[in-house]
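Asks: Got a structure for you, questions after.
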Amino acid sequence: MNAPSTLDDLRAAVRGQVWLPGDPDFDGARQPWNLAVVQPVAAVVEAADADDVAALVRYARAAGVGVATQPNGHGASGRTEGAILLRTRRLDSLTVDPAARRARVGAGVPSGRVQAAAARHGLTGLPGSSPGVSVTGVALGGGLSWFGRSHGWVADNVTAFDIVDAEGNARQVTADTDAELFWALRGGGGDFAIVTALELALHPAPHLYGGRLLWPGEHAPAVMNAFRRITATAPEALTLWLDLAQFPGQDPVVALDVTHLGPTEEAVELLAPLDELPAPLADSRQPMSVADVGAITSDPTEPAPGISRGELLTALDDTAVATLLAGPIAPLLGVQIRHLGGAFARPSDSPHGPLTEPYALYLFGIPFDVATGRAVTARQRELAEALPVSGRRSLTYLHADGSVADVFSAAALARLRDIKRRRDPANVFRSNFPVLPVGDSREL
């Protein structure tokens with residue numbers, strides 16, 4: 001790209017709020033959700049609306065700078081040097097068409113709002129564990145949902161994107177209007193266009209049963225065995241996640257998080273092996289609204305530092321279990337295993353394709369200081385190398401130092417790179433995890 005301008009005229013180019021280096025609150029404006037990620041940027045813009053996004057893209061293209069888009073920065077990688085950081089939280093329109101079972105979701109709308117709106121009509125979207133994460137961000141990364149075993153990737157359920165392209169033109173993209181770009185946006189990341197809104201398929205959800213069971217860590221072997229027993233034959237409507245947790249100064253615990261898209265009686269029967277376990281410390285299972293699914297895991301609602309690593313497991317056999325339970329998980333705070341399968345493994349017209357690994361592994365720790373951060377990373381690497389991982393990762397699970405080469409097949413990545421080079425030759429769009437190798441971009 002051309003050498004960047006000083007951006008002194010950026011405020012005149014857009015109607016939204018602008019922060020430049022030296023402005024009050026500039027550091028706060030550029031900070032992503034994960035406080036452990038350093039995010040250097042040339043400026044921050046909170047767009048007023050979709051037209052403002054288009055104006056920003058035209059400005060950035062002319063100025064020779066990139067644009068990195070974030071509603072709030074849950075998936076930030078810090079690869080934003082010299083770019084304008086675009087905040088889309090004000091693109092917050094949300095409409096639900098219950099007859100068509102569709103929701104039109106602005107780029108700044110969090111998952112929890114979609115769930116609340118859909119629940120009023122007996123419908124559900126594809127929520128993950130946190131109600132505060134933007135639907136658009138999750139969909140661009142593929143998206144692992146509570147209900148993915150029934151309905152596949154979140155991206156599989158997107159039927160249209162409202163976008164601004166690399167020339168600053170706003171339009172809608174569907175499988176019929178632009179099949180190539182539609183394919184890339186359904187899980188290929190944010191390298192190809194800025195999504196200002198999307199249309200999401202909703203699904204009937206007349207019943208939901210869910211909650212969390214919690215035991216002392218000493219019962220982890222028995223809980224793990226029950227988890228394996230249930231997931232071996234679980235129908236697609238049933239999803240279980242197992243959590244090993246060790247908080248500083250507290251005893252280790254083990255938890256099972258569960259959702260069942262069906263009647264309570266069916267869920268109770270499917271979960272009968274849990275009745276054979278020691279009495280839990282807590283059990284919040286109950287019939288619930290899909291609007292409340294975010295309460296199951298009680299994910300943090302405020303920004304905090306963290307180091308995460310995601311892997312996909314090819315098996316959860318006796319050897320893998322022994323590895324996971326061999327000793328304390330410290331200095332990690334959490335080790336989570338999510339049951340996949342079901343619709344995840346079916347054909348998917350997306351860059352990810354079908355997700356055939358039966359389990360996902362998520363490793364999380366907090367870098368309280370430099371030494372702890374290094375220890376967390378080392379422990380994550382140690383566990384990943386000792387477990388039967390496939391070597392493939394989900395884009396939304398990719399750690400800050402990861403690469404898209406760890407996510408997509410060689411054929412899918414080559415296709416994504418070709419689309420990027422043709423659709424954004426000036427490399428205006430800067431995603432968390434670029435599809436092009438460093439230095440592979442075209443000049444304006």
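Asks: Just to be sure before I move on: is Asp162 touching a Ser or Thr at 6+ places or on another chain (Cβ under 8 Å), of a type in the set (Asp, Glu) and either surrounded by fewer than 21 Cβ atoms within 10 Å (Cβ to Cβ) or assigned to a loop (DSSP other than H, G, I, E, B) (or both) in the structure I sent?
Replies: For Asp162, the condition - touching a Ser or Thr at 6+ places or on another chain (Cβ under 8 Å), of a type in the set (Asp, Glu) and either surrounded by fewer than 21 Cβ atoms within 10 Å (Cβ to Cβ) or assigned to a loop (DSSP other than H, G, I, E, B) (or both) - is not met.
Asks: Hey, another quick one. Going by the conditions given, is Phe147 under 30 Å from Leu277 (Cβ atoms), outside the structural domain of Ala272 (by TED's automatic domain parsing) and not charged (D, E, K, R)?
Replies: Values: under 30 Å from Leu277 (Cβ atoms): yes; outside the structural domain of Ala272 (by TED's automatic domain parsing): yes; not charged (D, E, K, R): yes.
Yes; evaluated as a whole, the condition is true for this residue.
Asks: Tell me which residues, restricted to region 321-357, are β-branched (Val, Ile, Thr), within 19 Å of Leu238 (Cα to Cα) and surrounded by 15 or more Cβ atoms within 10 Å (Cβ to Cβ).
Replies: If the condition is that a residue be β-branched (Val, Ile, Thr), within 19 Å of Leu238 (Cα to Cα) and surrounded by 15 or more Cβ atoms within 10 Å (Cβ to Cβ), then Ile337 is the only one that fits.
Asks: So in region 380-401, with the set limited to residues that are of a type in the set (Gly, Ala, Ser) and within 17 Å of Leu413 (Cα to Cα), which one is surrounded by the most Cβ atoms within 10 Å (Cβ to Cβ)? Let's see the steps before the verdict.
Replies: Step one: list which residues in region 380-401 are of a type in the set (Gly, Ala, Ser), which gives 384, 386, 390-391, 394, 400.
From the residues that got through so far, the ones that are within 17 Å of Leu413 (Cα to Cα) too are 391, 394.
Numbers: Gly391: 9, Ser394: 23.
Residue satisfying both the conditions and the ranking: Ser394.
Asks: Still on this structure, please answer the following. Looking at (1) under 30 Å from Asp49 (Cβ atoms); (2) without any contact (Cβ under 8 Å) to a residue 24 or more places away in the chain, which is the only condition Leu198 fails?
Replies: Just one mismatch for Leu198, condition (2).
Asks: Among the residues of region 268-305, which ones are part of a loop (DSSP other than H, G, I, E, B) and in contact with a helix residue (DSSP H, G or I) (Cβ under 9 Å, 6 or more places away or on another chain)? So that I can check it myself, show each step before the final result.
Replies: Going through region 268-305, the residues part of a loop (DSSP other than H, G, I, E, B) turn out to be 271, 277-281, 284-285, 288-289, 296-303, 305.
Result: Leu271, Leu277, Pro278, Pro280, Ser284, Arg285, Met288, Ser289, Pro305.
Asks: Given the condition within 20 Å of the chain's Cα centre (by Cα), under 25 Å from Gly342 (Cα atoms) and basic (Lys, Arg), answer yes or no: does some residue in region 211-220 qualify?
Replies: Narrowing region 211-220 to residues within 20 Å of the chain's Cα centre (by Cα): none.
No, there is no match, as no residue in region 211-220 is within 20 Å of the chain's Cα centre (by Cα), under 25 Å from Gly342 (Cα atoms) and basic (Lys, Arg).
Asks: Please work out which residue is nearest to Gly306 (Cα to Cα), limiting yourself to region 369-390 and to residues that are assigned to a loop (DSSP other than H, G, I, E, B) and touching a residue at least 40 places away in the same chain (Cβ under 8 Å). Steps first, answer last, please.
Replies: If we filter region 369-390 for residues that are assigned to a loop (DSSP other than H, G, I, E, B), which is where we start, we get 369, 387-388, 390.
Subset that is touching a residue at least 40 places away in the same chain (Cβ under 8 Å): 387-388, 390.
Values: Leu387: 22, Pro388: 24, Ser390: 24 Å.
It comes out as Leu387.
Asks: If the requirement is being outside the structural domain of Ala76 (by TED's automatic domain parsing), closer than 29 Å to Gly125 by Cα and free of Cβ contacts under 8 Å to residues at least 40 places away in the same chain, which of these qualifies: Pro287, Pro354?
Replies: After ruling out the rest, the residue left standing is Pro354.
Asks: Would you point out which residue out of Leu436, Leu363, Leu416 is in contact with a helix residue (DSSP H, G or I) (Cβ under 9 Å, 6 or more places away or on another chain), in the same structural domain as Pro248 (by TED's automatic domain parsing) and in contact (Cβ under 8 Å) with a residue 24 or more places away in the chain?
Replies: Leu363
Conditions tested, residue by residue: (1) of a type in the set (Val, Ile, Thr); (2) within 14 Å of Thr196 (Cβ to Cβ).
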{"residue": "Asp52", "(1), (2)": "no, yes"}
{"residue": "Val57", "(1), (2)": "yes, yes"}
{"residue": "Leu91", "(1), (2)": "no, yes"}
{"residue": "Arg102", "(1), (2)": "no, no"}
{"residue": "Pro110", "(1), (2)": "no, no"}
{"residue": "Ala116", "(1), (2)": "no, no"}
{"residue": "Ala119", "(1), (2)": "no, no"}
{"residue": "Gly132", "(1), (2)": "no, no"}
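Asks: When only residues in region 146-199 that are closer than 21 Å to Thr95 by Cα and among the small types (Gly, Ala, Ser) count, which is farthest from the chain's Cα centre (by Cα)?
Replies: Selected residue: Ala170.
Asks: Here is a further query. I'd like the residue in region 221-233 that is surrounded by fewer than 20 Cβ atoms within 10 Å (Cβ to Cβ) and among the aliphatic types (A, V, I, L, M) and, out of all such residues, is nearest to Ala282 (Cα to Cα).
Replies: Ala222
Asks: Still on this structure, I have one more. Can you run down the residue pairs with Cβ atoms below 6 Å, 6 or more apart or on separate chains, where the first is in region 162-173 and at positive phi and the partner is not in a loop (DSSP other than H, G, I, E, B)?
Replies: Every condition considered, the pairs that remain are Gly168/Ala54; Gly168/Val57; Gly168/Arg58.
Asks: On to the next question. Residues in region 183-198: is at least one farther than 28 Å from Pro354 by Cβ, among the hydroxyl-bearing types (Ser, Thr, Tyr) and not in a loop (DSSP other than H, G, I, E, B)?
Replies: Among the residues of region 183-198, at least one is farther than 28 Å from Pro354 by Cβ, among the hydroxyl-bearing types (Ser, Thr, Tyr) and not in a loop (DSSP other than H, G, I, E, B), which makes the answer yes.
Asks: From the list Asp257, Asp251, exactly one residue is under 27 Å from the mean Cα position of the chain (by Cα), acidic (Asp, Glu) and either surrounded by fewer than 19 Cβ atoms within 10 Å (Cβ to Cβ) or at negative phi (or both). Which is it?
Replies: So the residue among Asp257, Asp251 that is under 27 Å from the mean Cα position of the chain (by Cα), acidic (Asp, Glu) and either surrounded by fewer than 19 Cβ atoms within 10 Å (Cβ to Cβ) or at negative phi (or both) is Asp257.
Asks: While we're on this one: Counting only residues that are in contact with a His (Cβ under 7 Å, 6 or more places away or on another chain) and at pLDDT below 95, how many does region 332-357 have?
Replies: From region 332-357, those in contact with a His (Cβ under 7 Å, 6 or more places away or on another chain) are 343; that's our starting set.
Subsequent filtering for residues that are at pLDDT below 95 retains none.
Residues that pass the stated criteria total 0.
Asks: Give the number of residues within region 132-157 that are more than 30 Å from Ala13 (Cβ to Cβ) and not in a loop (DSSP other than H, G, I, E, B).
Replies: 7
Asks: Do we have any residue at all in region 358-365 that's modelled with pLDDT of 95 or more and assigned to a loop (DSSP other than H, G, I, E, B)? It would help to see each step written out before you state the result.
Replies: Our first condition is that a residue be modelled with pLDDT of 95 or more; within region 358-365, this holds for 358-365.
Next cut, assigned to a loop (DSSP other than H, G, I, E, B) only: 358.
Yes, region 358-365 contains a residue that is modelled with pLDDT of 95 or more and assigned to a loop (DSSP other than H, G, I, E, B).
Asks: Restricting attention to region 199-215, which residues are out of contact with any His (no Cβ under 7 Å at 6 or more places or on another chain) and assigned to a strand (DSSP E or B)?
Replies: Glu199, Leu200, Ala201, Pro204, Gly211, Arg212, Leu213, Leu214, Trp215, listed by residue number.
The values are calculated or read from the model by the stated rules, or taken from the named source; none is laboratory data. Only a predicted model underlies this, so the values are computations on that prediction, with no experimental measurement involved. In this analysis, Cβ positions are derived from the backbone assuming ideal geometry, glycine residues included, and neighbour counts consider all displayed protein chains.
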